[in-house]
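Computed from the coordinates by the stated procedures, all read-outs in this text should not be read as laboratory data. No experiment lies behind these values; they were computed from the predicted model shown. Glycine also receives a Cβ, built like all others from the backbone with ideal geometry; neighbour counts cover every protein chain displayed.
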Amino acid sequence: MYAFVVDQVLGINGLINLSNIVFLVAFSARGVLTLRVLAIVGEGLTLPYYYLQDDKLWPPIFWGAAFMMVNAIRVVAIFLERRPVVLSDREERLYQVAFSSIDKREFLRLVSLARWADCSPGEVILKKGQHISETIVVIAGDLEAILGNDTRMALRPGQLIGDVSAYSGLASPVDVVARGPGTVASLDLQHMREFTASRPELRANLLRIVSADLAAKLRDVTTVGLGLAAERLASK
């Protein structure tokens, strides 16, 4: 009995028993990363057992090594996915002013589609009647939308230019002009559609951002309209 126990613990059979204990702990783990690491360890313990048999068991050795390789690749992928997201200064600024509701890792992929541009005072960013094929985000600077006659509405950092018109395929209803130095980021609408086609959660988040931006613009237009009406009444 003693010899049997020693063989099951310290002998070659101990390897397969220890391997199964590791697998038991692995399948009890909650985290995927822990499970995969323990699966590699457990599979690794079985390889000497198969190799040290009188007739080496090459098929399980081969498949064991294959399973270890697959798990190792996934472990590396998980580590890479969990790395802290590092944004450049302008990417961080864009994230904070417009896309903070989006996961940073998704935003890092999205921002790879962006084109950056600096605006000079008096530069026309968007002309009335111009077909819009991209969404422009104000990052910094003093921009305004000319609604008609002398009606003007300031655009704040984080607001979108041409977002609704771009999505609806309409031409721009306003002129957008830079009153001072500014910075904008442009995102091609077709590229965004292709990018978000397989990312429904990201697409839903972007639509929420567009809806919130539209609601803010409607409030601003209403405020401007009420202000003009009050001025006209006061001048009579």
Can you give me the long-range amide H partners of Leu147? Hydrogens built in the peptide plane at 1.01 Å from N, cutoff under 5 Å, separation of 5 or more residues or another chain.
Arg152, Met153
Can you sort Arg208, Arg82 so the residue with the fewest Cβ neighbours within 10 Å comes first?
Arg82, Arg208
First check a/c for segment 2-81, with a ≥ b ≥ c the square roots of the eigenvalues of its C-alpha gyration tensor; if it is under 1.5, answer rounded, and if not, answer prolate when a/b is larger than b/c or oblate otherwise.
oblate
Could I have the simple spin-label model distance between Asp55 and Ile146, label points 7 Å from Cα toward Cβ, reported in nm to one decimal?
9.0
So what are the ³J(HN,Hα) numbers for segment 188-196, from phi and the Karplus equation (6.51, -1.76, 1.60; θ = phi - 60°), rounded to whole Hz, Gly and Pro as x?
5, 5, 5, 5, 5, 4, 5, 5, 8
Ranked from fewest to most other Cβ atoms within 10 Å of their own Cβ, Glu201, Glu134 fall in the order Glu201, Glu134
